[in-house]
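J.: Dumping the structure here so I can ask a few things about it.
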């Protein structure tokens, strides 16, 4: 499981108390603000999917290998259901995008969906995904390829529309059979990242909630100095 924690309001409370403001931090009055912040952070993570990782790392996620594209089920029910030639393979590569194959991982970053992590505390919020694939793709991992003839026949045609043999099918079949039971490295494609550029927006949400509860008119400079993020793996 992987998550991101956004914290800092406990330090803000101490700063306000030192300034003469009494803030009951254990009452949970800031939870509505942290809930909003958590939803915004999940939206940023999903935007990173749409941007194919460009928000998390320069250049975005590493492109899929031709073998991975061929073996994936992307395109089933979509523009390319089975592969005849290299043009189909290219079209299949562009369908949906990386880490979108089933949609499960993407939707795990929506509150209330399967595997979603969304915990609100008086002092912060924790959001992420408990999908087993999340931590694997976040940090990269080694995997073993397993060839399946049934799957091979599902993703490519043996014959072309004119009845002739599809040479590409047999070329890919030989290539994939040679990969059977071999280990390979899947590069890291981080989904969760520290979106520090959102801190000013999160600060404004916290300030608005504190002003609402305490009737303050002045800006709360203390919040801006302590709100921060941390990305980590859950046990």
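The values are calculated or read from the model by the stated rules, or taken from the named source; none is laboratory data. Note that the structure is a prediction, hence the values are computed from the model and not measured. Backbone-built Cβ (ideal geometry, glycine too); neighbour counts: all protein chains shown.
J.: What tally of residues in the range 121-164 results from selecting those that are within 27 Å of the chain's Cα centre (by Cα) and part of a loop (DSSP other than H, G, I, E, B)?
T.: 7
J.: Would the range 86-101 turn up any residue that is touching a strand residue (DSSP E or B) at 6+ places or on another chain (Cβ under 7 Å), closer than 30 Å to residue 195 by Cβ and either at pLDDT below 65 or in a helix (DSSP H, G or I) (or both)?
T.: Narrowing the range 86-101 to residues touching a strand residue (DSSP E or B) at 6+ places or on another chain (Cβ under 7 Å): 89, 92.
Of the ones still in play, those that are also closer than 30 Å to residue 195 by Cβ are none.
The answer is no; no qualifying residue exists.
J.: Among the residues of the range 59-71, are any at pLDDT 75 or above, over 24 Å from residue 147 (Cα atoms) and part of a helix (DSSP H, G or I)?
T.: Within the range 59-71 (the criterion being at pLDDT 75 or above, over 24 Å from residue 147 (Cα atoms) and part of a helix (DSSP H, G or I)), the answer is no, since none of the residues qualifies.
J.: Do we find a residue being closer than 30 Å to residue 172 by Cα, surrounded by 15 or more Cβ atoms within 10 Å (Cβ to Cβ) and modelled with pLDDT under 95 anywhere in the range 111-126? Working first, answer last.
T.: Pass one, the range 111-126, residues closer than 30 Å to residue 172 by Cα: none.
No, the range 111-126 contains no residue that is closer than 30 Å to residue 172 by Cα, surrounded by 15 or more Cβ atoms within 10 Å (Cβ to Cβ) and modelled with pLDDT under 95.
J.: Another question, if that's okay. Tell me, which residue of the range 196-212 that is under 21 Å from the mean Cα position of the chain (by Cα) and modelled with pLDDT under 85 is farthest from residue 57 (Cα to Cα)?
T.: 199
J.: Quick check on residue 157: is it touching a helix residue (DSSP H, G or I) at 6+ places or on another chain (Cβ under 8 Å) and not assigned by TED's automatic domain parsing to the domain that holds residue 43? Walk me through it before giving the result.
T.: Numbers: touching a helix residue (DSSP H, G or I) at 6+ places or on another chain (Cβ under 8 Å): yes; not assigned by TED's automatic domain parsing to the domain that holds residue 43: yes.
Considered against the rule, which asks whether it is touching a helix residue (DSSP H, G or I) at 6+ places or on another chain (Cβ under 8 Å) and not assigned by TED's automatic domain parsing to the domain that holds residue 43, residue 157 comes out as yes.
J.: Run residue 206 past the list (1) out of contact with any strand residue (DSSP E or B) (no Cβ under 9 Å at 6 or more places or on another chain); (2) in contact (Cβ under 8 Å) with a residue 12 or more places away in the chain; (3) not in a helix (DSSP H, G or I) and report the number of the one that doesn't hold.
T.: All conditions pass for residue 206, except number (3).
J.: Restricting to the range 150-169, name every residue that is more than 29 Å from residue 107 (Cβ to Cβ) and either loosely packed, with under 10 Cβ neighbours inside 10 Å or modelled with pLDDT of 90 or more (or both).
T.: We begin by selecting, within the range 150-169, every residue more than 29 Å from residue 107 (Cβ to Cβ); these are 153, 157-169.
161, 162, 163, 164 - these are the residues of the range 150-169 that are more than 29 Å from residue 107 (Cβ to Cβ) and either loosely packed, with under 10 Cβ neighbours inside 10 Å or modelled with pLDDT of 90 or more (or both).
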